[in-house]
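The values are calculated or read from the model by the stated rules, or taken from the named source; none is laboratory data. Being a predicted model, the structure only gives us computed values, none of them experimental. Cβ atoms come from the backbone with ideal geometry, glycine included; neighbour counts cover every protein chain shown. The accessibility values were calculated without ligands, DNA or RNA, using every heavy atom of the protein model including side chains. Shrake-Rupley method; radii C 1.70, N 1.55, O 1.52, S 1.80 Å.
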Amino acid sequence: MMKDPGSQTRENDDDDLDITPYDYRMAGRSQIISGVYSLTSVSPPVSPFIPEIPQLPDQKRKVKGTISVDVDGYYPQMTVSGSFSQGIKAVVYWIAQLKADKSPNSWTGNIWYKYPDGHAFRYKKVQLTIEGTTPVARVIFSGQGSSDLTCTYKLKSRYFHPAKFEFDWEQNEAPTTSIETWAHPNRPDTLAHETLTIQKVYQRAGFNATQHEGGAVPGSEAGSNAKWSDIELHDAMQSYWSAFKDKPQWSIWVFFASLHDMGSSLGGIMFDEIGPNHRQGCAIFGKSFISLAPSGDPNPTAWKQRMAFWTACHEMGHCFNLAHSWQKSLDASWIPLSDEDEARSFMNYPYNVSGGEQAFFSDFEYRFSDQELLFLRHAPSPFVQPGNAAWFDNHGFEGANELVNSKFNLVLRANRDVNVFEYMEPVTLELKLTNVTHQPQVVKEKILSDSDQMTVIVQGPDGHSREYVPYAHRCWSSGMIVLDPEESLYESLYIYSGTNGWDIAKPGNYMVQVALHLGDGDLLSNPLHVQISPPKGEAETLLSGDFFTDSVGRILAFDGSHVLTSGNDTLRKVRDQLGNRRIGLHANYILGNEVATDSRVLTTRGEGRLAFDIKKAVPKEAEILLRKSLIENTKTAVESFGHIDYKYYTDKYSDWLSGHRKISAAVHAQEVLYDTLAARRVHGRKVLDSVLQGIEDKKAAYTAKR
Amino acid sequence: MVLLHIALQDGFRNNTVLMRLNGKRIYRKNNLKTRTQIGLADSVELETDEGPASLEVSLPQERIVGSIAFVLKSVTYIGVSIIEGEVQFKVQNVPFGYL
């Protein structure tokens, strides 16, 4: 057993405060067990970072840790999060969503978040049990491949973080730090009738909050215009806040002032983006629009009081790095978040929801949203602590780099019922990446298109494995997208020819598997078995010598070439002699694609001078070849190209037709595409409705051009 | 004449922004960035004729353009945001408030 290593560093041993009978009723139990627990023992005595390495006896290297249990009390998020640290640099934060087990006070869940990138903490699951009147928590970490790790913790605080608020005010202004919840008649019927303080709001959000009123600040600090600039506010914070320090601390300065330089349109601001320690101060402007009750309001005084109170809680939320409700998905959200435009939260604008502020306050319970509570209680503490992470940096961080394998599922498949390819038929597979968690997840939009983000292994008939190496590495300037739970990304995967040659061309059985690199580890696809049929007929055998060359491999990989003439000559022979075979469809497409548009070809002229020659398009030939490839034998084409590439090529073809003012032909191509994909079934699976709708939309756009 | 207030609100990230009112350029600024804690990047006010009007907002480097047609009868407040690569407008006859 290890002695509690955290005992020397505690800040809040006695912050187990202020749990009222009302709180116990909220929890539906006689004892609330949510809160922060400190690590007391680790079994077996190994490092949670690298379980194969025993903990060293050196005290400085011992493991420290806490967990934040969030299963009861106000707005439980059914979450346990925690951190481990070892030495100076090794720190990891993790979060797991919990489901109750059959036994009381026992939960299990998957770890869906880890921070920072590149850590060696590899556990994936937790089982949490809490016992005793002085609660003791036991967490079994599992799923990293070797033995489980059992950690024991003891209760440290009922709250997740400490917080100290100081309220100062400009002369002739007054701080609003509490309200009577029933003072204004527009409220939820179920709202508790109480005197609500800012302290209580933040206690219910999980902070061991204390508040005190400081004193008045002379209006002269606002300069000659009697309005506050951000710099003047920052100067006042440094001069008048009794707790001001140039370092992160769980404290906020809240200043009730008259007006900002911006005038009456600014009701409040977290002004502190100045210097190295952001988010330490905010201001509320009592002479701004928040003091103007709508005409006809039944209780203008209560309206003003409520708005000032609400604004103070809102700006303090910014100090804890909370974004506005509609900005959750912006830039660097700490985990992938969805915007909450209609949220009844302190972080929304009441007048921006449907129905305006009347609707907002009729349904507002003086709380933060679940996403916000998750952040306040469970995000790595530097993201939340005022003065620590810069504003908006880690309402947020690069969550996508932290994805662990269990968040996604990667399927590799061929768009055909039987994974058998004809001899010389290019092998194009399909990748499907699915969010298998209950949370939205951020992922790079082009992750399935970026060959640098994946490794493709092909095991041949001889049992040897080789890595498929494409001819080109595409460097995408990739945006991020949110994948909702069960939502998927799809992309085609061409693996027929590459710089290693023809990895999957000889007749026989192959196994293909993809590892997608997600920063935190590799996400492995299913192994996919693929068979290449033997050549059919003498022509295929005779042509194969010319076909399996580097130039043909490159032409197939890049959908054509204007300079690899020998390869193009081979494809013409293939087209002429194997027109009824699947490679014939591909040859037609490539040769048609090559003559569809004018192209510039780099050539040498006298004395080695380089110049571009224009190779003129041959539209009539292009149309004939592309139609043969894509429109005349659709059932075979959609299977051989794969759904994704078939749609891509047909879209490109119809756009080309449209560009040549052949609108009817373009519409027809889309109709054929629609009919082909709508009728398509692979293992009984249909093409997505959204894809079909996109085709309809494209067709309608052409029709509108007529 | 009537007052038109245009607020450039959410979604600006160091963009060059151009605005044209009835085809005439009224605004150009480089490196425009939303202050996320108040949801506002910049604002402009001008006196203009009553009657039908159109406002075009463009971010040329991002190839984003959007426009809105409206009738100016009284003081009008237009909020402009860039959301998912598109220009979105909000029109009201009371001032915007920021928090």
What's the center-to-center distance, using Cα atoms, between segment A:485-560 and segment A:93-144 in Å? 42 Å
Using the Karplus curve 6.51 cos²θ - 1.76 cosθ + 1.60 with θ = phi - 60°, work out ³J(HN,Hα) for each residue of segment A:224-232 in order, rounded to whole Hz, and write x for Gly and Pro. 5, 8, 6, 10, 8, 8, 4, 5, 5
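Once the Cβ-Cβ distance between residue B:1 and residue A:609 is put in as r, and R0 is 60 Å, what FRET efficiency do you end up with, to the nearest 0.05?
On the way: r = 64 Å, r/R0 = 1.07.
Efficiency at R0 = 60 Å is approximately 0.40.
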If I model a spin label at residue A:131 and residue A:685 as a point 7 Å from the Cα along the Cα→Cβ vector, what separation in nanometres do I get? 4.6 nm
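Take every DSSP beta bridge whose two residues both sit in segment A:112-223, then give the antiparallel share in percent to the nearest 5. Before the final figure, lay out each step's value.
Values: 16 of 25 bridges.
Antiparallel bridges make up about 65 percent of those DSSP assigns within segment A:112-223.
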Pull up the cross-link candidates among the aspartates and glutamates for residue A:536, meaning alpha carbon to alpha carbon under 13 Å and not fewer than 8 places away within one chain. A:422, A:425
How many nm separate the modelled label positions at residue B:26 and residue A:229, each set 7 Å beyond the Cα in the direction of the Cβ? 2.8 nm
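Can you pull the mean other chain C-beta count within 10 Å for peptide A:287-297? Provide the component values of the computation, followed by the final result.
Numbers: counts 0, 3, 6, 2, 0, 3, 0, 1, 0, 0, 0.
Counting other chains' Cβ atoms within 10 Å and averaging over A:287-297 gives 1.
Could you pull out the pairs from A:432/A:628; A:573/A:615; A:573/A:628; A:506/A:635 whose alpha carbons sit more than 27 Å apart here? Please report the intermediate quantities before stating the final value.
Details: A:432/A:628 29 Å; A:573/A:615 22 Å; A:573/A:628 16 Å; A:506/A:635 25 Å.
Among A:432/A:628; A:573/A:615; A:573/A:628; A:506/A:635, the Cα-Cα distance tops 27 Å for A:432/A:628.
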Rounded percent of accessible protein surface that carbon and sulfur make up, segment B:10-50, 1.4 Å probe: 37 percent
Got a sec? Charge dipole of segment A:408-532, +1 on Cβ for Lys and Arg, -1 for Asp and Glu; which of A:436, A:490, A:515 is way out at the positive end? A:515
Near the amide H of residue A:329, under 5 Å away, which other amide H atoms are found, from residues 5 or more places off or on another chain, if H is placed in the peptide plane? A:339
I need the peptides A:575-587, A:250-262, B:11-23, A:675-687 ranked by packing, meaning the mean over residues of other C-beta atoms within 10 angstrom, with the highest value on top. A:250-262, A:575-587, B:11-23, A:675-687
Taking the chain alone as reference and the full protein assembly as comparison, with a 1.4 Å probe on protein heavy atoms only, the residues of segment B:15-47 that lose at least 30 Å² of accessible area are B:35, B:36, B:37, B:38
Taking the Cβ of residue B:20 as the centre, find all other residues whose Cβ is under 12 Å away and add up their charges (Lys, Arg: +1; Asp, Glu: -1). +2
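Hey, any idea what Rg/Rh is for segment B:2-92, computing Rh the Kirkwood way over Cα pairs?
Using only Cα positions, Rg/Rh for segment B:2-92 is 0.94.
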When the Karplus curve 6.51 cos²θ - 1.76 cosθ + 1.60 is applied with θ = phi - 60°, which whole-Hz ³J(HN,Hα) does each residue of segment A:247-263 get, with x for Gly and Pro? 6, x, 7, 7, 9, 9, 9, 10, 10, 9, 10, 8, 9, 8, 3, 5, x
For residue A:469, enumerate residues with amide H under 5 Å from its amide H, sequence gap 5+ or separate chain, H modeled in the peptide plane. A:499, A:500
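Kindly state, to the nearest 0.05, the FRET efficiency for residue B:14 paired with residue A:632, given R0 = 60 Å and r defined as their beta-carbon distance.
Numbers: r = 51 Å, r/R0 = 0.84.
So, using R0 = 60 Å, E works out to roughly 0.75.
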Ranked packing of A:128-134, A:451-457, A:431-437, most packed first, by mean Cβ within 10 Å: A:431-437, A:451-457, A:128-134
Of all accessible surface on chain A at a 1.4 Å probe, what whole percent is carbon and sulfur? 50 percent
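When Cβ neighbours within 10 Å are restricted to other protein chains, what is their mean count per residue of peptide A:265-277? Can you show the working numbers first?
Values: counts 10, 5, 4, 5, 5, 5, 2, 1, 3, 0, 0, 0, 0.
Mean partner shielding for this stretch: 3.
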Output field shielding_mean for A:308-317 (other chain Cβ, 10 Å radius) holds 1
What three numbers, in Å, describe the spread of the alpha carbons of segment A:408-532 along their principal axes, ordered from the longest? 44, 30, 23
Are there any residues in segment B:65-99 with a reduction of at least 10 Å² in accessible surface when going from the isolated chain to the assembly of protein chains? Probe 1.4 Å, please list them by number. B:90, B:96, B:97, B:98, B:99
Near the amide H of residue A:136, under 5 Å away, which other amide H atoms are found, from residues 5 or more places off or on another chain, if H is placed in the peptide plane? A:131
Asked for the total accessible area buried by A and B (1.4 Å probe, Å², nearest 100), one would answer 1500 Å²
Taking only Cα atoms of segment A:161-397, radius of gyration then Dmax in Å: 16.8, 48
Just to confirm the number: angle between the C-alpha axis of helix A:538-547 and the first principal axis of chain A, 0 to 90 degrees, nearest 10? 60 degrees
Mean Cβ count within 10 Å, highest first, over the residues of peptides A:629-636, A:310-317: A:310-317, A:629-636
What are the ³J(HN,Hα) values, in whole Hz, obtained from phi via the Karplus relation 6.51 cos²θ - 1.76 cosθ + 1.60 with θ = phi - 60°, for each residue of segment B:26-42 in sequence order, with x given for Gly and Pro? 10, 7, 8, 8, 9, 6, 6, 9, 6, 7, 5, 6, 10, x, 9, 9, 6
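Which FRET efficiency, nearest 0.05, do residue A:417 and residue A:354 yield, Cβ-Cβ r, R0 51 Å? Walk me through the intermediate numbers first.
Details: r = 48 Å, r/R0 = 0.94.
My answer for the efficiency is 0.60.
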For segment A:256-390, Rg(Cα) over 2.2 N^0.38 Å is 1.07
Pull out a ≥ b ≥ c, the square roots of the eigenvalues of the alpha-carbon gyration tensor of segment A:515-635, then state rounded if a/c is under 1.5, prolate if not and a/b is larger than b/c, and oblate in the remaining case. oblate
Over the heavy atoms of residue A:572, what accessible area does a 1.4 Å probe trace out, to the nearest 10 Å²? 90 Å²
Rounded to the nearest whole number, the per residue volume of the convex hull around the C-alpha atoms of segment A:641-706 in Å³ is 64 Å³
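How much of the DSSP bridge set in segment B:2-92 is antiparallel, in percent, rounded to the nearest 5?
Working: 35 of 40 bridges.
Bridges in segment B:2-92 that DSSP calls antiparallel: roughly 90 percent.
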How much accessible area per residue does chain A have, counting only protein heavy atoms and a probe of 1.4 Å, in square angstrom? 43 Å²
Quick one: what does P(r) look like for chain A with 10 Å bins over all Cα pairs, in whole %? 3, 12, 18, 18, 15, 14, 12, 7, 2, 0
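Tell me, in nm to one decimal, what length is gained between residue A:559 and residue A:338 on full extension, where the rule is 0.36 nm per residue of separation less the Cα-Cα distance? List each step's numbers first, then the result.
Values: separation 221, 0.36 × 221 = 79.56 nm, distance 3.87 nm.
Gain on extension, residue A:559 to residue A:338, equals 75.7 nm.
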How far is helix A:619-630 tilted off the main Cα axis of chain A, in degrees rounded to 10, range 0 to 90? 70 degrees
